[in-house]
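The values are calculated or read from the model by the stated rules, or taken from the named source; none is laboratory data. Keep in mind that this is a model prediction, so the values were computed, not measured. Heads up, the Cβs are rebuilt from the backbone with ideal geometry, glycines too, and the neighbour counts pull from every protein chain shown.
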Ligand code: UD1
């Protein structure tokens, strides 16, 4: 059986790595890895392949940046001949980035079966490009692997046949579980404590320049004692240039380059709090038991609120300040691994093995 994986952007890599690994243990499976090149900086891509011990991509489509239409179209145009040439039995796509929907669309038009890893997540906010990507990818997919039961419910409500849906757990947590011990050895030197860890890249936060300025001012003054470490995404770096942001010498805010996976994971685990607009980080902090303040009005990952450590502070700076104060006032709970494993069902480090079994069993059954 020939399986082709499509990855493109930073959050895809930690999801694909465990699935590639799990499938490599099945002797009947041959795998091809295609990188669309949506993320191309070494700090956004190459270092992840090294640290996650992923095989080098068989092909890099080199599409790079552009508007959504340009990027999606460029991926489709470059991917179609690859699919015709390689003729896989099944294509695996991950998450909700433009590479995910572009590849799924090409497959469905050519009649090639598609499996979506991380299916069923919904923010119900169609102003997010990722929500459009999720909705379309799920409608086009033949196999849908969900991380949590809310994903199944969303898909059933949208008319997806239940036979296509498989609740397998969270592959991103597989990577975290495997690499946490190595990450702990990579804790960066000279980190001031206590610290909050910040990431920002959503258009809703970084493309509104007046808001971005206010947010940075607020983050710089959350608490006298709190240092703020902020690894800056390339999109955000451009915006900081546009607003001419200069950090004052006595500011507790430290701007860093995007960090490799292991260093970032180590910093997450020891942080007093994480402040973010990322999707995956809401999940990782939930698993780690680290308080997470999410700078969004909604989340496609509600389980991180109901069972985890996440709270939405939206676009409300007072809410952000109050939530940060509250977190700092509470003694930090240390979570043992036993506790963690029971927190969200199936976030146990074995989701990719379940995916591999379902795929291999399906192929044996002629599906
Ligand atoms: C993409 C995903 C988002 C994901 C995020 C994680 C979509 C629609 N969005 O957003 O879901 O959470 O990745 O990082 O697919 N850039 C660089 N170097 C790079 C990559 C990007 O400089 O390696 C610049 C681009 O020039 C562009 C900007 O960053 O101006 C945005 O990149 P893009 O791939 O469009 O989307 P992200 O904002 O990274």
Self-check item: Test result for residue 149, in contact (Cβ under 8 Å) with a residue 12 or more places away in the chain, in contact with a strand residue (DSSP E or B) (Cβ under 7 Å, 6 or more places away or on another chain) and crowded, with 24+ Cβ neighbours inside 10 Å
Solution: no
All conditions in (1) free of Cβ contacts under 8 Å to residues at least 12 places away in the same chain; (2) on the phi < 0 side of the Ramachandran plot; (3) in contact with a helix residue (DSSP H, G or I) (Cβ under 7 Å, 6 or more places away or on another chain) are true of residue 114 except (1)
Selection from segment 12-49 of residues touching a strand residue (DSSP E or B) at 6+ places or on another chain (Cβ under 8 Å) and within 20 Å of residue 173 (Cβ to Cβ) yields 12, 13, 15, 16, 19, 20, 23, 24
Taking segment 222-231 and keeping only residues that are surrounded by 14 or more Cβ atoms within 10 Å (Cβ to Cβ) and more than 16 Å from the ligand (Cβ to nearest atom), one is left with 222, 223, 226, 227, 228, 229
Inside segment 43-55, the number of residues satisfying the requirement of being near the ligand (Cβ under 10 Å from one of its atoms) and either touching a residue at least 60 places away in the same chain (Cβ under 8 Å) or surrounded by fewer than 13 Cβ atoms within 10 Å (Cβ to Cβ) (or both) is 2
Answer yes if at least one residue in segment 232-241 is modelled with pLDDT of 95 or more, more than 27 Å from residue 14 (Cα to Cα) and either surrounded by fewer than 14 Cβ atoms within 10 Å (Cβ to Cβ) or within 16 Å of the ligand (Cβ to nearest atom) (or both), and no otherwise. yes
Output for Cβ contacts, cut-off 6 Å, separation at least six or different chains, first residue closer than 12 Å to residue 102 by Cβ and at pLDDT 95 or above in segment 60-75, second within 11 Å of the ligand (Cβ to nearest atom) and not in a loop (DSSP other than H, G, I, E, B), reads 63/75; 68/129; 71/98; 72/98; 72/102; 75/99; 75/102
Filter segment 56-76 for residues that are more than 15 Å from the ligand (Cβ to nearest atom) and surrounded by 14 or more Cβ atoms within 10 Å (Cβ to Cβ); the one that is nearest to residue 136 (Cα to Cα) is 59
For segment 77-111 the number of residues that are touching a residue at least 60 places away in the same chain (Cβ under 8 Å), more than 16 Å from the ligand (Cβ to nearest atom) and not in a helix (DSSP H, G or I) is 6
Q.
Condition first: farther than 28 Å from residue 351 by Cβ, buried (at least 22 other Cβ atoms within 10 Å of the Cβ) and either outside the structural domain of residue 138 (by TED's automatic domain parsing) or at pLDDT 95 or above (or both). Can you find one or more residues in segment 14-36 that meet it?
A. no
Cβ pairs under 7 Å, 6+ apart or interchain, first in segment 200-226 and closer than 14 Å to residue 238 by Cβ, second assigned to a loop (DSSP other than H, G, I, E, B) and more than 14 Å from the ligand (Cβ to nearest atom), ordered by first then second residue, are 209/243; 212/243
Among helices (runs of 4 or more DSSP H) entirely inside segment 191-297, those with 2 or more residues being closer than 30 Å to residue 148 by Cα and within 23 Å of the chain's Cα centre (by Cα) are 203-206, 261-270, 280-288
Those residues of segment 99-111 which are in contact with a helix residue (DSSP H, G or I) (Cβ under 9 Å, 6 or more places away or on another chain) and more than 11 Å from residue 6 (Cβ to Cβ) amount to 105, 108, 109, 110
Restricting segment 121-137 to residues that are touching a residue at least 24 places away in the same chain (Cβ under 8 Å) and outside any helix (DSSP H, G or I), the one farthest from the ligand (Cβ to nearest atom) turns out to be 124
